[in-house]
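One structure below.
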Amino acid sequence: MIEVLNKPVLHTERIRMKITVNNIAKILEADVVLDGVTVIAGYNNMGKSTILKAAYMVFRTFRNANHKILDVRRESIRSYFLKQESYFSRFGYDEILRDCLLVMSGKVCENLSVFMNDRQDDFKIFKKIFYDSFEIYKTFFTEEADLMATFSDNFIMPVYKGFKEICIRDKKDDIKYIGNMYIRNLFKNQMNSLYNKNKAFIHIDSDSEHYFMSVNDNKIEDMSYSANTEEDVFYLPAYNLLDVMETPFADKRRYSPEYDIKEALPAQESEPNFEEYLEMEYNTKLIKNILKEVIHGKLERLPSGQLSFKDDNLNDFVSIGNVASGMKNFLIIQSLAEKGKLKRNSILLIDEPETNLHPEWHLKFAEVLVLMYKHMGVRSIVNSHSPYFIRALEVKMADYGIKDKGHYYLTEEAGQNLFRTQDVTEATDKIYELLYRPLEYL
């Protein structure tokens with residue numbers, strides 16, 4: 001067993017959560033409890049990944065919503081200002097115009113939270129930003145350019161009004177946009193699928209989080225959210241994220257697992273406070289202690305921007321493409337913990353973690369998930385069709401005294417090409433009976 005480190009004082013309690021999914025792709029109904037480590041077992045093509053993707057889409061849409069709304073509006077504002085080129089080009093200074101508009105959009109975005117409140121002096125503040133932005137380029141107009149004479153209030157006002165509309169639009173519109181982008185990228189606009197065209201529903205409830213979403217014709221129809229947490233949720237699909245996230249394609253899919261991981265891996269922008277620092281230091285030491293038998297090094301971003309693996313036993317960096325496939329999810333988990341992204345009340349959703357792993361590493365990965373919950377408060381949902389991995393989880397949960405925090409489900413038929421979850425937490429032998437069956441045929 002792994003040596004336990006001295007734990008920092010943490011004040012956030014672990015929270016029991018229920019996730020309910022109805023009428024999404026092949027899933028007719030699924031009720032899943034997340035209280036520590038949860039397993040969804042079954043054969044391929046029975047909707048296990050659908051449950052994880054639905055939960056991920058809702059978590060990423062609603063958690064830390066205010067921060068995400070600001071990001072969406074900043075993108076809208078940048079696009080809006082660049083579209084004003086034709087409005088400004090009547091002055092004949094097209095060569096410097098685009099740069100100036102980018103400067104202006106950056107300056108107003110720095111003050112976005114101010115403009116999102118309806119204040120009487122907003123136009124005055126906007127005008128100052130407008131003139132300050134063009135001040136850099138005024139020599140391109142005339143030798144002694146008078147910006148106030150060149151751009152009157154009547155000229156600036158239409159630009160301001162369009163900008164202000166973005167600032168004060170309904171926050172639900174931004175949230176719906178985020179959710180719809182995840183539907184497009186995660187489900188390829190097939191959340192309401194050929195198997196089940198009924199309206200889809202997702203509910204996630206705990207003492208501190210309440211999320212609801214209904215989806216019709218692959219668009220969010222209704223939603224509500226209330227949350228007291230900002231910790232992130234990460235989804236590790238069956239394909240290797242590290243291979244995908246370094247391609248240009250990943251940057252074009254802003255609302256996707258690979259983009260979310262890529263954004264989380266760079267160095268932390270701001271200094272952590274005292275409590276955050278203690279937690280990050282503890283988590284980093286714990287993860288290194290857990291993974292010392294598996295990986296000897298870490299992910300680092302080179303000056304070129306390329307993500308590489310720095311092997312402790314080598315003097316050079318190893319290209320991600322040359323890193324063993326079985327190590328890549330371990331490396332992501334290690335990096336997220338070191339960057340302070342995986343911490344108490346964070347959630348990991350993992351598709352088939354046993355993929356590309358030697359049976360001995362099945363045991364190690366299971367122990368990683370169990371210890372991250374026990375000592376870091378990171379909860380996990382995994383789907384699997386490996387009896388070895390599931391058994392390893394069950395044994396490790398018992399070994400570390402948290403057997404009651406494990407929940408186990410089987411996907412079962414609920415109609416033609418439709419499936420539901422069956423809670424087998426008190427009868428996990430049903431999982432092994434199903435998954436060992438192919439061996440009996442041999």
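Between Lys285 and Ile125, residue separation times 0.36 nm minus the direct Cα-Cα distance comes to 52.8 nm. For the stretch 147-204, treating each Cα as an identical point scatterer without solvent, what Debye log10 I(q)/I(0) comes out at q = 0.17, 0.18 1/Å? At q = 0.17, 0.18 Å⁻¹ the computed log10 ratios are -0.73, -0.77.
Quick check: at a probe of 1.4 Å, how many percent of the accessible area of the chain sits on carbon and sulfur atoms? Could you put the intermediate results ahead of the total?
Numbers: 9940 of 21240 Å².
Exposed carbon and sulfur together represent 47 percent of the surface.
By the helix-only formula, in which each DSSP H run with n ≥ 4 contributes -39500 (n - 2.57) and the sum is divided by residues, the chain has a 222 nm mean residue ellipticity of -13500 deg cm²/dmol.
Distance between the 7 Å Cα→Cβ label points at Lys83 and Ala227: 2.8 nm. Loop-located GluC sites (Glu not before Pro) across the stretch 219-248 with a Cβ neighbour count of 12 or fewer within 10 Å are Glu230, with loop assigned by DSSP. Here's the list of lysines a cross-link from Lys171 could span, going by alpha-carbon distance under 16 Å and ignoring same-chain residues fewer than 8 apart: Lys68.
Determine, from the Cβ-Cβ distance of Asn218 and Leu278 and an R0 of 41 Å, the FRET efficiency 1/(1 + (r/R0)^6), rounded to the nearest 0.05. Walk me through the numbers before you get to the answer.
On the way: r = 44 Å, r/R0 = 1.08.
Using R0 = 41 Å, I get an efficiency of 0.40.
On the basis of the beta-carbon distance and an R0 of 22 Å, Glu110 and Asn66 show a calculated FRET efficiency of 0.85. Of all lysines in the structure, the ones whose alpha carbon falls short of 21 Å from that of Lys292, not counting any fewer than 8 places away in one chain, are Lys7, Lys310, Lys328, Lys339, Lys341, Lys343, Lys364, Lys374, Lys396.
P(r) for the stretch 163-242, from all Cα pairs and a bin width of 5 Å, is 3, 12, 17, 21, 20, 16, 9, 2, 1 %, short bins first.
Placing a label point 7 Å from the Cα of Asn417 along the Cα-to-Cβ direction, the residues of the stretch 33-57 whose backbone N falls under 18 Å from that point are 44-51.
Going through (i) 27; (ii) 42; (iii) 45, the figure that equals percent of Cα pairs over 34 Å apart as computed for the structure here is (ii).
Between the beta carbons of Asn154 and Leu302, assuming R0 = 51 Å, the FRET efficiency works out to 0.50 to the nearest 0.05.
Could you estimate the translational diffusion coefficient of the stretch 327-442 from the Stokes-Einstein equation, with Rh from the Kirkwood formula over C-alpha pairs, at 37 °C and 0.692 mPa s, in whole µm²/s? Answer from the Stokes-Einstein relation: 214 µm²/s.
What the chain shows is 48 Å² of accessible area per residue, with the surface traced by a 1.4 Å probe over protein heavy atoms. Note on Lys219: aspartates and glutamates with a C-alpha under 13 Å away, same-chain residues under 8 apart excluded, are Asp173.
The values are calculated or read from the model by the stated rules, or taken from the named source; none is laboratory data. Keep in mind that this is a model prediction, so the values were computed, not measured. Because the Cβ atoms are built from the backbone with ideal geometry, glycine has one as well, and the counts that use them run over all protein chains shown. What goes into the accessible areas is simple: the full protein's heavy atoms, side chains included, and nothing from ligands, DNA or RNA. Shrake-Rupley method; radii C 1.70, N 1.55, O 1.52, S 1.80 Å.
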